[in-house]
Amino acid sequence: MPEPSAQDKDKGVIGLGVVITMVSLIGAFALGDYTIHVIQNAEAENDMVTATGEVRFDGYVAVGASKSKNYDLGEAKLTDVTVRLKWVDEPNADSRHTNQPDALSLSVDSAFASGNDENEEGEVILNFTAPEKEPWDSQGKTWNITVTCVSAGDQTPLIPDPGGLRTKTDGGNNFNVIVTYHFLTKK
């Protein structure tokens, strides 16, 4: 049996490289959420600098339902956390209907702070700041983030519809949450 040519060996190596790349990409997408630590705006405080981390989660929430996610931000010197909920309400179904706004609420609960807010404007922002000179040690402590669809405005006809036969029901909304946090770390 003749020995494979260099060209055949090259094809085999390229094929193996493609398989490894595909497996790596599939694995990266399958694992989902992750934390990104990017050092930005190096503000010296003795031998410490301020760094930024970010986590995200997306989803769909039906009317009256909630979606929650727990995050362990894992930083020993957490200085502040901003949680931003964003959504885009659907446009009018057609020229004969007007879309009523959707109201979503954002609730955040942690060992350090909690808060909630809601509106119909497409965005809710909650900010939490540690006391000056006393950053939070968030290692092993979770931040629970909950998104609730308080109401989803239906598509109502321009001409009154007492029987509701021409009203188009809105079942909920897609959303995304971005958690941005700052922490102190050694230079």
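Could you work out how far apart the two model spin labels at Ile178 and Ser95 are, taking each label as a point 7 Å from the Cα in the direction of the beta carbon, and quote it in nm?
Each label point lies 7 Å from its Cα, and together they span 3.7 nm.
What FRET efficiency, computed as 1/(1 + (r/R0)^6) with R0 = 35 Å and r the Cβ-Cβ distance, is obtained for Glu123 and Met48, rounded to the nearest 0.05? List each step's numbers first, then the result.
Numbers: r = 32 Å, r/R0 = 0.92.
Plugging the Cβ-Cβ distance into 1/(1 + (r/R0)^6) gives 0.65.
With labels modelled as points extended 7 Å from the Cα through the Cβ direction, what inter-label distance (nm, one decimal) is found for Ala113 paired with Ile20?
Taking the two extended label points, one gets 4.5 nm.
On full extension of the chain, what length is gained from Glu134 through Glu3, given 0.36 nm per residue of separation minus the C-alpha to C-alpha distance?
Additional length available on full extension: 40.2 nm.
Each reported figure results from applying straightforward, stated rules to the coordinates on display, with no laboratory input. For clarity, every value in this text was computed on a predicted model and none was experimentally measured. Glycine also receives a Cβ, built like all others from the backbone with ideal geometry; neighbour counts cover every protein chain displayed.
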